[in-house]
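Reading through the C-alpha cells given below for one structure.
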Amino acid sequence: MARHGSLLSRSGLTPGQLAMHAFLLLCAFAMLFPFYWMLLTAFRPSQEVFSPTFHWLPQTFVGLDNFRAAFGKAPLLRFMLNGAVICAGILAVQLLTAIPCAYALAKYEFRGRGLLFALVLFALCVPVQVPALPLYMTLAFTGTLDSYFALMLPFFLSVFAIFLFRQVFRSFPDDVIHAARLDGMGEMEILWRIVVPSAGPAIAAFAVFSVTAHWNDLYWPLVVVTSPELAPPPLGMMYFNDPDIGSSFGTLMAAATLLTAPLTVLFLFAQRHFVQGVTMTGVK
C-alpha cells in the first residue's frame, strides 16, 4: 500500500483522477480499435478474419496484394477526387451563405429576428430525408440528376453553420464594429475584413464537421447518382461487394483505409483549430 501511495504521490494524481484517466484510456481504446481492425484486415488474407484465435499482427502479410487489388477493382482515386470536389463545393457555398446570415442574426436589430432564429433552431431538427422526395422531383424535372450539382444542392444552406457562427459573432465587440462604421467601412467590408478573420477557429471547426459529414454521406448519393464516374467514396465502396462470391475483406479494408486517410490527415492538420473553435463557441 505504501508503494502504491508513493507512486500516486510522484505522479501527482489522486485516486479519482487516476480512475478518470483509466476510463478515458478505455474509451480511447474503444474508439481506436475499429481503425486498428481495419488496418489489420487490410494487411492479412481473408481467411485470417475468421480464424478462431486473435492475433495482434498478421500471420501472413499480403498488404501489397490487397492494396493492388483494391486499385484494380475500382477507380479509388476518382472516388476521392469526386469526394474532394463535392466537399469543397458544399463548404464554399455554405460559408458564403451562412456567414452573412449569422452576422445579421448576431449584430442587427430588426423585427422578426427572434422568429428567424427560432426557425434556424427548428431546422436543426429536420433530417435530410424529410425534403428528399421534393428535392429529387425538382432535380428530375430540371434534368440535373446524376451531376455534381445534384449531389451538392441539398447542403448549400447549413442551419448548423448559421447557429454556430451566430454564437461566435455575438461575442465580437460591438465597439469595434461601430468604430469601423465611423471610419466609412461598409457592412460587408466589416464582415469579411474584420469579423470573419477573428472567427477562424470556428470556421475551421465547421469545415471539419462539413467535410466529414459529406465525405461519408451515402444516402443522398445513392438517391441521385447512377454513373460510377460521379460516385463519392461511400458509394464507391459498394463496388467491392460481389453478390456471387461475397466481399473480399482484405481488399475491402484496403480500400476503406485509402478512402479514410484524407479525413484523418485533414483532422490532424486542423486539430488545434477544431478544438479551439468548439470550445470558444457560445463564450461571450
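On the stretch given as segment 131-147, residues that are loosely packed, with under 15 Cβ neighbours inside 10 Å, in a helix (DSSP H, G or I) and of a type outside the set (A, V, I, L, M, F, W, C) total 3. The set of residues from segment 1-38 being modelled with pLDDT under 80, out of contact with any helix residue (DSSP H, G or I) (no Cβ under 9 Å at 6 or more places or on another chain) and either surrounded by 12 or more Cβ atoms within 10 Å (Cβ to Cβ) or assigned to a loop (DSSP other than H, G, I, E, B) (or both) comprises 1, 12.
If the condition is being farther than 22 Å from residue 130 by Cβ and not in a helix (DSSP H, G or I), then segment 186-221 contributes 186, 199. For segment 87-130, a tally of residues being in contact (Cβ under 8 Å) with a residue 12 or more places away in the chain, part of a helix (DSSP H, G or I) and either surrounded by fewer than 13 Cβ atoms within 10 Å (Cβ to Cβ) or among the hydroxyl-bearing types (Ser, Thr, Tyr) (or both) returns 3. Entry remark, segment 39-60: residues being at pLDDT 80 or above and surrounded by 12 or more Cβ atoms within 10 Å (Cβ to Cβ) number 8 in total.
When we screen 242, 217 for residues that are at pLDDT below 85 and at negative phi, the only hit is 242. Please determine whether any residue of segment 256-273 is crowded, with 20+ Cβ neighbours inside 10 Å and at pLDDT below 85. No, there is no match, as no residue in segment 256-273 is crowded, with 20+ Cβ neighbours inside 10 Å and at pLDDT below 85.
Of the residues making up segment 201-225, those that are farther than 17 Å from residue 80 by Cα and more than 17 Å from the chain's Cα centre (by Cα) are 223, 224.
Examine segment 180-198 for a residue that is among the hydrophobic types (A, V, I, L, M, F, W, C) and under 17 Å from the mean Cα position of the chain (by Cα), and state whether such a residue exists. No, segment 180-198 contains no residue that is among the hydrophobic types (A, V, I, L, M, F, W, C) and under 17 Å from the mean Cα position of the chain (by Cα).
The values are calculated or read from the model by the stated rules, or taken from the named source; none is laboratory data. Because the structure is predicted, anything quoted here is derived from the model rather than measured. So basically every Cβ, Gly included, is an ideal-geometry build from the backbone, and we count neighbours across all protein chains shown.
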